[in-house]
Amino acid sequence: MSQTPNTAIAVIGIDIGKNSFHVVGHDARGAIVLRQKWSRGQVEARLANIPPCLIGMEACVGAHHLSRKLASLGHDARLMPAKYVRPYSKGQKNDFNDAEAIAEAVQRPTMKFVATKTAEQLDLQALHRVRERLVSQRTGIINQIRAFMLERGIAVRQGIGFLRTELPTILATRTDALSPRMLRVIEELAVDWRRLDQRIDGLSGEIEALARQDQACSRLMTVPGIGPIISSAMVAAIGTGDVFSKGRDFGAWLGLVPKQISTGDRTILGKISRRGNRYLRVLFVRRHGLCWSRSRTGNVTGSNPGSKPPRGGCTTTCWRSRSPTSLPASPGRCWLKDAPSS
């Protein structure tokens, strides 16, 4: 279906592809007046000739760049999670039906949208993605070294620091446990390990420098326990956080709240939902979490021994509004601390 002449387009849904884009347009009454397939080079040129309207897209690779381009042309470009668009799809799955579902979903007043990321956010996110991949590769090399040595009866205490300290001694001590070929293999793995350490340190230093210069990151680092890695990852993921009305919404988006499966007027809560940004959740919980527990004497053990949490409750500060928010007291307090790279 080509564009119906003399018809004003009010809403457009775009199904983004690598080289082709499927476009469906609705008029003010909701009737389909545009149903075309455009190439990547035609999208901006054709939308520049269309009066400003509401344009919906799924938040995927390339969507943030296109959203910024369309916003510069005067259009109201909005991004949505793909899982929220799926219920509006009718019939068989194809690109035009997906674009029609996007056009339907973007008009819903209760739809939750994704904030368009700036080029600086995408650059910062790219640094974190590369660093995450390098850390994963380094972990694989360390596990492989440990496995090779265990096959020869050599065990090293758990922890990256112990293996880093004892590996040169093990390689320098020529014993019958390790054959010359195995020594050469482990030495080459150790070289790869050192190379990855250098790249990870370089990326960590660059991220820290950017965090010190960024105003939002600097403001986040005023919160106790938040360092440059977590603060920069938060800014890369949510920007200024305007999409969240309160901190609890951010916790729910991050997947740190119980998964609710309530029914029959009964509240049933399970484990944490693990939704949202997994990398950011890992920074908070797994690798960079430090739990402070209150002892019988009221002291708190952690990076600041001897400090005591407030008795009546905990007063935290919202990083956006800087207004105090009271939280109920609990037997254990958990301050999220940015630890060194792992």
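Where a number appears in this text, it was derived from the coordinates with a stated rule and is not lab data. Predicted model only: the values in this text are computed from it and were never measured. Virtual Cβ from ideal backbone geometry, glycine too; neighbours counted across all protein chains shown.
Quick look at the values:
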{"item": "Separation in nanometres of the label points that stand 7 Å from Cα toward Cβ, at Asp197 and Phe113", "result": "4.9 nm"}
{"item": "For Met57, net neighbour charge (Lys/Arg +1, Asp/Glu -1) across residues whose Cβ lies under 10 Å away", "result": "-1"}
{"item": "Net length gained if the chain between Ile32 and Leu73 were fully extended (0.36 nm per residue, minus Cα distance)", "result": "12.5 nm"}
{"item": "Rounded to whole Å, sorted largest first: equivalent-ellipsoid semi-axes of segment 20-174, Cα gyration tensor", "result": "52, 17, 13"}
{"item": "Local electrostatic count at Arg86 - Lys and Arg +1, Asp and Glu -1, tallied over other residues with Cβ under 14 Å", "result": "0"}
{"item": "Positive dipole terminus of segment 115-258, leading residue within Leu171, Leu254, Ala119 (C-beta point charges)", "result": "Leu171"}
{"item": "Packing-based order for 65-77, 193-205, using average beta carbon neighbours within 10 Å, highest first", "result": "65-77, 193-205"}
{"item": "Long pairs among Lys90/Lys117; Lys93/Lys259; Lys83/Lys112; Lys83/Lys259, criterion Cα-Cα beyond 19 Å", "result": "Lys90/Lys117; Lys93/Lys259"}
{"item": "Computed lengthening from Gln213 to Gln42, 0.36 nm per intervening residue step minus Cα-Cα distance", "result": "57.7 nm"}
{"item": "Extension gain, Lys259 back to Val61 (0.36 nm per residue minus Cα-Cα distance, nm)", "result": "68.5 nm"}
{"item": "Kirkwood hydrodynamic radius over Cα pairs of segment 15-92, then Stokes diffusion coefficient at 20 °C and 1.002 mPa s, in µm²/s", "result": "161 µm²/s"}
